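In what follows, a structure is listed as structure tokens, so that the remarks can point back to it.
The values are calculated or read from the model by the stated rules, or taken from the named source; none is laboratory data. Fair warning: this is a prediction, and the values are worked out from it, not measured in the lab. Note that each Cβ is placed from the backbone with ideal geometry, even for glycine, and that neighbours are counted across all protein chains shown.
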Amino acid sequence: GAVVSQHPSRVICKSGTSVKIECRSLDFQATTMFWYRQFPKQSLMLMATSNEGSKATYEQGVEKDKFLINHASLTLSTLTVTSAHPEDSSFYICSALTATFTSSYNSPLHFGNGTRLTVT
Amino acid sequence: KQEVTQIPAALSVPEGENLVLNCSFTDSAIYNLQWFRQDPGKGLTSLLLIQSSQREQTSGRLNASLDKSSGRSTLYIAASQPGDSATYLCAVYYGGSQGNLIFGKGTKLSVKP
């Protein structure tokens, strides 16, 4: 099956520093990946859509200059949290798309294991 | 506003019991609905996907139903096992970006041996 690897699984950083999170599709090519954020006791929410070779599309309310997304290859998307602050502490999860919903009876979204970011 | 609500927020049952998790959505114009499982500190594993034209989907001990007109879905777990302990998320897709799912907050299930 499609495997998505996300690294690191856990990171603690100081306020004002930047943190890079990687999302890799291990056994398939993913032209489209997605980044989500989940605050404690809240719903998972889509932050941005990452397309290989083009600029990411951000959801309303997500600062593109703070959350830099790069999708330079068909198997790797990165999310960089710049000048992190304690309010950025959250669980970040990526997913990769292997098909489209209209053609699938199984979910075409495959998720990484997430990254727990703590900003002190 | 499109919202997904899951009830109960937490559930504890003894092993072997059959149980039902509930999901409701405010806008019935859905493309599909998914049920995911999330283990602590882990990503999501898709359990079942129901397209808007379907009424139910089954996989092993899991059965998910969909009633679009009433804005409801249920996940039925038969003969629960301690390994079923996890948070179960319901997510609705309304179209547009394939990753733009509207998630509920989840039901945290604990199955006691």
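Within segment B:10-54, if we keep just the residues that are at pLDDT 95 or above and part of a loop (DSSP other than H, G, I, E, B), the residue that is farthest from the other protein chains (Cβ to nearest Cβ) turns out to be B:GLY16.
Test of understanding: among A:SER73, A:SER89, A:SER107, which residue is without any contact (Cβ under 8 Å) to a residue 24 or more places away in the chain and closer than 28 Å to B:PRO8 by Cβ?
Exactly one of A:SER73, A:SER89, A:SER107 is without any contact (Cβ under 8 Å) to a residue 24 or more places away in the chain and closer than 28 Å to B:PRO8 by Cβ, namely A:SER107.
The single condition among (1) within 14 Å of chain B (Cβ to nearest Cβ); (2) in contact with a strand residue (DSSP E or B) (Cβ under 8 Å, 6 or more places away or on another chain); (3) free of Cβ contacts under 8 Å to residues at least 40 places away in the same chain that A:GLN42 does not meet is (2). In segment A:93-109, of all residues being under 15 Å from A:GLY1 (Cα atoms) and more than 8 Å from every other protein chain (Cβ to nearest Cβ), the one that is modelled with the highest pLDDT corresponds to A:ALA96. The residues on offer are A:GLN38, A:GLN6, A:GLN60, A:GLN42, and the sole one that is closer than 22 Å to B:SER97 by Cα and exposed (fewer than 12 other Cβ atoms within 10 Å of the Cβ) is A:GLN60. From the list A:SER50, A:SER54, the lone residue that is under 12 Å from the mean Cα position of the chain (by Cα) and either crowded, with 19+ Cβ neighbours inside 10 Å or part of a loop (DSSP other than H, G, I, E, B) (or both) is A:SER50.
Could you please give the count of residues in segment B:87-97 that are at the interface with chain A (Cβ under 9 Å from one of its Cβ atoms), in contact with a Phe, Trp or Tyr (Cβ under 6 Å, 6 or more places away or on another chain) and at negative phi? I'd like the intermediate steps shown before the answer.
First pass over segment B:87-97, keeping only residues at the interface with chain A (Cβ under 9 Å from one of its Cβ atoms): B:89, B:91, B:93, B:95, B:97.
After this cut, where a residue has to be in contact with a Phe, Trp or Tyr (Cβ under 6 Å, 6 or more places away or on another chain) as well, the list is B:89, B:91, B:93, B:95.
Going one step further and asking which of them are at negative phi, we end up with B:89, B:91, B:93.
Result for segment B:87-97: 3.
The test for being closer than 19 Å to B:GLY96 by Cβ, within 11 Å of chain A (Cβ to nearest Cβ) and of a type in the set (S, T, N, Q) does not hold for B:GLN57.
Assess whether A:GLN60 counts as being touching a Leu at 6+ places or on another chain (Cβ under 7 Å) and either more than 9 Å from chain B (Cβ to nearest Cβ) or modelled with pLDDT of 90 or more (or both).
Taking the combined requirement at face value, the residue does not satisfy it.
Given the residues B:SER73, B:SER69, which is the only one that is surrounded by fewer than 21 Cβ atoms within 10 Å (Cβ to Cβ) and either of a type in the set (A, V, I, L, M, F, W, C) or away from chain A (no Cβ under 13 Å) (or both)? If you could, list the steps in order and put the result at the bottom.
Values: B:SER73 fails: surrounded by fewer than 21 Cβ atoms within 10 Å (Cβ to Cβ).
Checking each option against the conditions leaves just B:SER69.
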